[in-house]
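This report refers to the structure that appears directly beneath it.
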Amino acid sequence: DAGVIQSPRHEVTEMGQEVTLRCKPISGHNSLFWYRQTMMRGLELLIYFNNNVPIDDSGMPEDRFSAKMPNASFSTLKIQPSEPRDSAVYFCASREGWEAFFGQGTRLTVV
Amino acid sequence: AQSVTQPDIHITVSEGASLELRCNYSYGATPYLFWYVQSPGQGLQLLLKYFSGDTLVQGIKGFEAEFKRSQSSFNLRKPSVHWSDAAEYFCAVGAGNDYKLSFGAGTTVTVRA
């Protein structure tokens, strides 16, 4: 398996634009997580899916953030409109049991 | 809710020397404990985990960690570091049926020649 695949690896966008981050989890994993990593706040859990269903989105910072998982092999995290303070590395992780496997992340820069 | 503290933000160690990274957790029962490593520009990779049983666990890349319930600690050790061990290390705790992993702030390890 190629592991958790995220795209794009880097994204630079202007404030106010819509940004969509993509994630392909490891086949067979039934849990998927989106994390955000910043110097100031470290790793923050944004949202958790189990069997494609959002279980807990309490970490999503604002209504500007939304996430979907239309099927077991694909998830998106959307920010609309984006703001400079959204600049961070966004990680997707999938899990079967307690071992989480992380993607390489998407480095988002909002200017 | 569970939480994790990594007291050391940054550690510098000479190549070949031993390394110990501290991790303290807060949780009322026996937690599930993890150490992850993050190399620059990469995602997090699991080094080792503790669920139950032997309190000394072996992981990948020559790392080991010891669970000490009395000290609420799960410190990571390596007897002899290599330059490739320079990275950021995260301790994490999970508990019971709670799906969430709580991560520490991380410790950056620099290896000098």
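Structure data summary
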{"quantity": "Strands (runs of 3 or more DSSP E) enclosed by region B:74-113 - at least 1 residues per element that are among the acidic types (Asp, Glu) and within 9 Å of the chain's Cα centre (by Cα)", "calculated": "none"}
{"quantity": "The one condition in (1) closer than 22 Å to residue B:101 by Cβ; (2) touching a residue at least 60 places away in the same chain (Cβ under 8 Å) that residue B:57 fails to fulfil", "calculated": "(2)"}
{"quantity": "Scan of region B:54-63 for residues that are within 14 Å of chain A (Cβ to nearest Cβ) and assigned to a loop (DSSP other than H, G, I, E, B), ordered by number", "calculated": "B:59"}
{"quantity": "Subset tally (residues that are in a loop (DSSP other than H, G, I, E, B) and at pLDDT 95 or above) for region A:1-26", "calculated": "10"}
{"quantity": "Test result for residue A:45, within 10 Å of chain B (Cβ to nearest Cβ), part of a strand (DSSP E or B) and either among the charged types (D, E, K, R) or within 16 Å of residue A:102 (Cα to Cα) (or both)", "calculated": "yes"}
{"quantity": "Number of the exception - residue A:69 against (1) closer than 20 Å to residue A:96 by Cβ; (2) in contact (Cβ under 8 Å) with a residue 24 or more places away in the chain; (3) assigned to a strand (DSSP E or B); (4) within 13 Å of chain B (Cβ to nearest Cβ)", "calculated": "(4)"}
{"quantity": "Complete set of residues in region B:44-70 that are β-branched (Val, Ile, Thr) and touching a Gly at 6+ places or on another chain (Cβ under 8 Å)", "calculated": "none"}
{"quantity": "Any hit, region A:54-68, residues being under 23 Å from residue B:88 (Cα atoms) and of a type in the set (A, V, I, L, M, F, W, C)", "calculated": "no"}
{"quantity": "Meets criteria (in a strand (DSSP E or B), without any contact (Cβ under 8 Å) to a residue 40 or more places away in the chain and either of a type in the set (D, E, K, R) or in contact with a strand residue (DSSP E or B) (Cβ under 6 Å, 6 or more places away or on another chain) (or both)) for residue B:66", "calculated": "yes"}
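A quick yes/no check of all residues on (1) out of contact with any helix residue (DSSP H, G or I) (no Cβ under 8 Å at 6 or more places or on another chain); (2) modelled with pLDDT under 95; (3) closer than 25 Å to residue A:101 by Cβ:
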position	(1), (2), (3)
B:26	yes, yes, no
B:29	yes, yes, no
B:35	yes, no, yes
B:48	no, no, yes
B:54	yes, yes, yes
B:63	yes, no, yes
B:69	yes, yes, no
B:79	no, no, no
B:85	no, no, yes
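Let's see how each residue does on (1) crowded, with 21+ Cβ neighbours inside 10 Å; (2) charged (D, E, K, R); (3) within 14 Å of another protein chain (Cβ to nearest Cβ):
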{"site": "B:71", "(1), (2), (3)": "no, no, no"}
{"site": "B:74", "(1), (2), (3)": "yes, no, no"}
{"site": "B:77", "(1), (2), (3)": "no, yes, no"}
{"site": "B:85", "(1), (2), (3)": "no, yes, no"}
{"site": "B:90", "(1), (2), (3)": "yes, no, yes"}
{"site": "B:99", "(1), (2), (3)": "no, no, yes"}
{"site": "B:104", "(1), (2), (3)": "yes, no, yes"}
{"site": "B:113", "(1), (2), (3)": "no, no, no"}
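The values are calculated or read from the model by the stated rules, or taken from the named source; none is laboratory data. Remember, it's a predicted structure, so these values are computed and weren't measured experimentally. Heads up, the Cβs are rebuilt from the backbone with ideal geometry, glycines too, and the neighbour counts pull from every protein chain shown.
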